[in-house]
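J.: Take a look at this one; I'll ask things after.
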Amino acid sequence: MRYDPSNIFARILRGEIPNKTIYEDDYALAFHDITPQAPVHALVIPKGEFTDVHDFSLYAGAAQIAGFWQAVAATATKLGLEEKGFRAITNCKEHGGQEVPHFHVHILGGGPVGRMTGN
Ligand code: AMP
C-alpha cells in the first residue's frame, strides 16, 4: 500500500488538524483518541510515512524503531499507566480493522481493559 499523505494523522502531524497532545519528540507524537474505548485511550504515531506496523517494521530505521517504542513507554508513563499497566495494540490493514492508514499504536488503560479480542 502506498502512503497517502492526506490521511488524518498526516494532517495532525502537519498541524492542519488540532490534537490533544500527551507527548512529543523527534520520533513520535502521542495524543488522546477522539473516541476513547477505555478510561485512558491514547494514540502514538511515528513522524515518518509508514502505513502500518508491517510497513514500519520492515522499512523504518533502527533509530526510528527504537525512538518510536521509547515514545510509547514515555506516553504510558506520562499518563500514569506504568504501575498498573495497559494494553498496546495496533490494527493492520483490512482484516486487522485499521481505519487510518498511518501506523499507530493504541494505548488503553486507566482500568481493566477486558479480553484481548473482544469476542
Ligand atoms: P484504527 O482503527 O486502528 O485505524 O484507529 C483509528 C483511531 O483513530 C480510532 O480509534 C479513532 O477514534 C481515532 N481518530 C480518528 N480521527 C481522530 C482525530 N482527529 N483525533 C484523534 N483520534 C482520532
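The values are calculated or read from the model by the stated rules, or taken from the named source; none is laboratory data. Note that the coordinates shown come from a computational prediction; the quantities given were computed from them, not determined experimentally. Positions of Cβ are generated from backbone atoms using ideal geometry, with glycine treated the same way; all protein chains shown enter the neighbour counts. Surface areas here come from the heavy atoms of the whole protein model, side chains and all, with no ligands, DNA or RNA. Shrake-Rupley method; radii C 1.70, N 1.55, O 1.52, S 1.80 Å.
J.: Trypsin sites (Lys or Arg not before Pro) within region 1-107: which are DSSP loop residues with at most 10 other Cβ atoms inside 10 Å?
T.: Taking region 1-107 and a limit of 10 other Cβ atoms within 10 Å, the loop trypsin sites (Lys or Arg not before Pro) found are R2, R14, K20, K84.
J.: Tell me the net charge near L13. Cut-off is 14 Å between Cβ atoms, L13 excluded, with +1 for each Lys or Arg and -1 for each Asp or Glu.
T.: -3
J.: Separate question: Aspartates and glutamates within cross-link reach of K20: Cα-Cα under 17 Å, excluding same-chain residues under 8 positions apart?
T.: Partners found: D33.
J.: For M116 paired with T35, estimate the spin-label separation in nm (one decimal), with each label point 7 Å from Cα along the Cα-to-Cβ line.
T.: 2.4 nm
J.: Here is a follow-up. Of all the accessible heavy-atom surface of the chain, with the other protein chains kept in place and a 1.4 Å probe, what percent is carbon and sulfur?
T.: C and S fraction of accessible area: 53 percent.
J.: Just to confirm, what accessible area per residue do you get for region 43-119 at 1.4 Å probe, in whole Å²?
T.: 58 Å²
J.: Can you list which of the GluC sites (Glu not before Pro) found in region 73-119 are DSSP loop residues with at most 15 other C-beta atoms within 10 Å?
T.: For GluC sites (Glu not before Pro) across region 73-119 that sit outside H, G, I, E and B with at most 15 neighbouring Cβ atoms in 10 Å, the list reads E82, E83, E99.
J.: Also, quick follow-up: Among residues other than V44 whose Cβ falls under 12 Å from its Cβ, what is the net charge (Lys/Arg +1, Asp/Glu -1)?
T.: Neighbourhood net charge equals -1.
J.: Rounded to the nearest 0.05, what FRET efficiency do E16 and K47 give with R0 = 22 Å and r taken as the Cβ-Cβ distance? Could you check?
T.: For R0 = 22 Å, the calculated efficiency reads 0.90.
J.: Could you list the square roots of 5 times each eigenvalue of the Cα gyration tensor of region 13-119, that is, the equivalent ellipsoid semi-axes, sorted largest first and rounded to whole Å?
T.: Equivalent ellipsoid of region 13-119: 20, 17, 14 Å, largest first.
J.: Nearest 10 degrees, 0 to 90: what angle lies between the long axis of helix 62-78 and the longest principal axis of the chain (Cα atoms)?
T.: 30 degrees
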